[in-house]
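Enquirer: Starting off with a structure, shown below.
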Amino acid sequence: MSTLITIELRVNGKRHSLDIDPSSTLLEVLRNRLHLSGTKENCLEGECGACTVLVDGKAVNSCLLLAARAQGKEITTIEGLAKDGVLHPVQEAFIQEGAIQCGYCTPGFIMSTIDLLAAHPRPTDADIDRALAGNICRCTGYVKIRSAVRAAAGRGGSSHDT
Ligand code: FES
Ligand code: FES
């Protein structure tokens, strides 16, 4: 085991000081050290999007980012979206449109959607397909997911303050 390093991470508005192996990914630290298990672990190769989080507002595969490289940035996970018990408009839209079955992929899709809507508050179908190309769902098919993204855009899904 290599020598531990101390890092400071800001996650969902809270600062954390952690001693970690320098090779730890952000995904490992979120799930195993901070117990934020909403961010899912799957391919670990940047192929599925299950581990997507926001880093300074941009959707990032946390399995590919060293935790040490995330220092000084604002990290948002699915646990950080609801405010005062009220779900984020994108979360609401996914529920209302039935865009969830097992739910394993859902946090990643929601984070990618928030990034999309911040840049394109009224996305075209092509914008949606491009933004979600890195997220894989094995259950729902993509029709309801696209509907959820359109519905979220209609609800002001870009007006998050993450
Ligand atoms: S677990 Fe990170 S992209 Fe699949
Ligand atoms: S809802 Fe099951 S993988 Fe997407």
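The values are calculated or read from the model by the stated rules, or taken from the named source; none is laboratory data. Bear in mind the structure is a predicted one, so any value in this text is a computation, not a measurement. Ideal geometry is used to build each Cβ from the backbone, glycine not excepted, and the neighbour counts take in all protein chains shown. Keep in mind that these areas ignore ligands, DNA and RNA; they rest on the heavy atoms of the full protein, side chains included. Shrake-Rupley method; radii C 1.70, N 1.55, O 1.52, S 1.80 Å.
Enquirer: Among the residues in the range 105-128, are any at pLDDT 95 or above, more than 21 Å from THR76 (Cβ to Cβ) and within 16 Å of ligand 2 (Cβ to nearest atom)?
Expert: No, every residue in the range 105-128 fails to be at pLDDT 95 or above, more than 21 Å from THR76 (Cβ to Cβ) and within 16 Å of ligand 2 (Cβ to nearest atom).
Enquirer: Which residues, counting only those in the range 59-95, are under 19 Å from CYS105 (Cα atoms), within 16 Å of ligand 1 (Cβ to nearest atom) and in a helix (DSSP H, G or I)?
Expert: ILE78
Enquirer: A follow-up question, please. Across the range 13-58, what is the total count of residues that are buried (at least 18 other Cβ atoms within 10 Å of the Cβ), within 11 Å of ligand 1 (Cβ to nearest atom), more than 23 Å from ALA82 (Cβ to Cβ) and of a type in the set (A, V, I, L, M, F, W, C)?
Expert: 1
Enquirer: Looking at ALA99, ALA152 in this structure, which one is assigned to a loop (DSSP other than H, G, I, E, B), touching a residue at least 40 places away in the same chain (Cβ under 8 Å) and surrounded by 18 or more Cβ atoms within 10 Å (Cβ to Cβ)? Before the answer, list the steps.
Expert: Working: ALA152 fails: assigned to a loop (DSSP other than H, G, I, E, B).
From the options ALA99, ALA152, the qualifying one is ALA99.
Enquirer: Next up: Please enumerate the residues belonging to the range 108-130 that are open to solvent by 40 Å² or more (accessible area, probe 1.4 Å) and not acidic (Asp, Glu).
Expert: Our first condition is that a residue be open to solvent by 40 Å² or more (accessible area, probe 1.4 Å); within the range 108-130, this holds for 118-122, 124-126, 129-130.
Those that are open to solvent by 40 Å² or more (accessible area, probe 1.4 Å) and not acidic (Asp, Glu): ALA118, ALA119, HIS120, PRO121, ARG122, THR124, ALA126, ARG130.
Enquirer: Where the second residue is crowded, with 17+ Cβ neighbours inside 10 Å and the first is free of Cβ contacts under 8 Å to residues at least 12 places away in the same chain and lies in the range 36-51, which pairs have Cβ atoms under 7 Å and are six or more apart or on separate chains?
Expert: SER37/ARG31
Enquirer: Which residue is farthest from PHE109 (Cα to Cα), if the candidates are limited to the range 131-149 and must be open to solvent by 70 Å² or more (accessible area, probe 1.4 Å) and within 16 Å of ligand 1 (Cβ to nearest atom)? Please lay out each step first, then the result.
Expert: Within the range 131-149, the first condition is being open to solvent by 70 Å² or more (accessible area, probe 1.4 Å), and the residues that meet it are 133, 138, 142-144, 146.
Now drop any that are not within 16 Å of ligand 1 (Cβ to nearest atom), which leaves 133, 138.
Details: ALA133: 10, ARG138: 12 Å.
Among those that are open to solvent by 70 Å² or more (accessible area, probe 1.4 Å) and within 16 Å of ligand 1 (Cβ to nearest atom), it is ARG138.
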